[in-house]
Amino acid sequence: MIRSSRRKFLRLSGAAMAAAATGGRMCAAPLNMPVGLQLYTVRDLLPKDLEGTLKKVRASGYTVVEAAGYFGRTAQQFRQAMDEAGLRCVSTHHAMNELNPHLDEIIAYDKTLGVDYIVCPSPTKRNGSEGELDLADWRWAAGELNRIGDKVKAAGMTFGYHNHTPEFGHENGVLFYDELLRLTDPNLVVFEMDCGWVIAAGHNPLDYLTKMPERFPLLHIKDMVRGANGEDRSTVLGQGKTDWRPILRAATGLKQYFVEQEEFDIDPIEAIRLDAEYMQKLNV
């Protein structure tokens, strides 16, 4: 499944990073916000031609990005590639099993990049084993997020958590995502809502954005369609089932959003161009 492969990608890219390292409400034009891209969208292109792919991202209509892996580049090299492409990396993704042993390195690397946010998109079980997290694991993860968030804040950046679908499981009547929100300190941990996965899990982003918009300064904009095998799969924005206007209106705490598309029926660069065009024309 896409969410599983993405978490595997983040674990692998985190190991590569460790080796290499040895504003206001904005959005589409109607919201006065630059269009952002999560670079996982072009994950197959970046290892082949990092510099060229970043320039294509800029030419497709994006000015800010969120990184998910550094492809063997030092912080200085990665920042130079961003600068030469005319992009600003405002956020990065790091799995918890990367953050725990390499937090100081990651903070130093990301400060060199000039990012505002460090985001965890993949927690771990409390005993370090593989498998789905139970309620005790999620509660332990909340404590880890607070601990990491404290160090990230001390370094002058903001720490966040990004969901997939497992967060919307439940145990003994307790929804895991609600428990994360309850147990994390709002002064130390913000949330990056991946709207596509919230919807795929059978929930409505509005339920959270209307109640606590200040907890969600970051959003992933991902449209979904039902695939032939019955699973939700991402598609070009506007071709899926999501009405983004009420979601963006409710996101009154929004600082930045990132388009993310994980599957393609057309060339990925053409797809991200269409995604950016959709967001630029979206009347919220």
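Any read-out appearing in this document is the output of simple, stated calculations on the displayed coordinates, not a laboratory observation. None of the values given here were measured: they were computed from a predicted structure. Glycine gets a Cβ as well: all are built from the backbone with ideal geometry, and neighbour counts include every protein chain shown.
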Quiz item: Long-range amide H contacts for Glu66: which residues qualify at under 5 Å (H placed 1.01 Å from N, peptide plane, sequence gap of 5 or more or a different chain)?
Solution: Leu37, Gln38, Leu39
Practice problem: Could you tell me what percent of the DSSP beta bridges with both partners in the chain are antiparallel, to the nearest 5? | Solution: 20 percent
Quiz item: Which entry in (1) 1.39; (2) 1.06; (3) 0.93 matches Cα Rg over 2.2 N^0.38 Å derived from the coordinates of this structure?
Solution: (3)
Practice problem: Could you work out the local net charge near Val119, counting Lys and Arg as +1, Asp and Glu as -1, over the other residues with Cβ closer than 10 Å to its Cβ? | Solution: -2
Self-check item: Amide hydrogen neighbours beyond the local backbone of Phe258, cut-off 5 Å, H modeled
Solution: Leu219, His220, Ile221
Practice problem: Before rounding to the nearest 500, sum -39500 (n - 2.57) across all DSSP H runs of length at least 4 in the chain and divide by the residue total; then give [θ] at 222 nm in deg cm²/dmol. | Solution: -13000 deg cm²/dmol
Quiz item: Karplus couplings for segment 205-214 from phi (6.51 cos²θ - 1.76 cosθ + 1.60, θ = phi - 60°), rounded to Hz, Gly and Pro as x?
Solution: x, 4, 4, 8, 5, 6, 8, 9, x, 5
Exercise. Obtain the nm distance between the two label points defined at Gln239 and Asn100 by a simple spin-label model: each point lies 7 Å from its Cα along the Cα-to-C-beta direction.
Key: 4.0 nm
Quiz prompt | Extension reserve of the Lys48-Thr210 stretch, reckoned as 0.36 nm per residue once the Cα distance is removed | solution = 54.1 nm
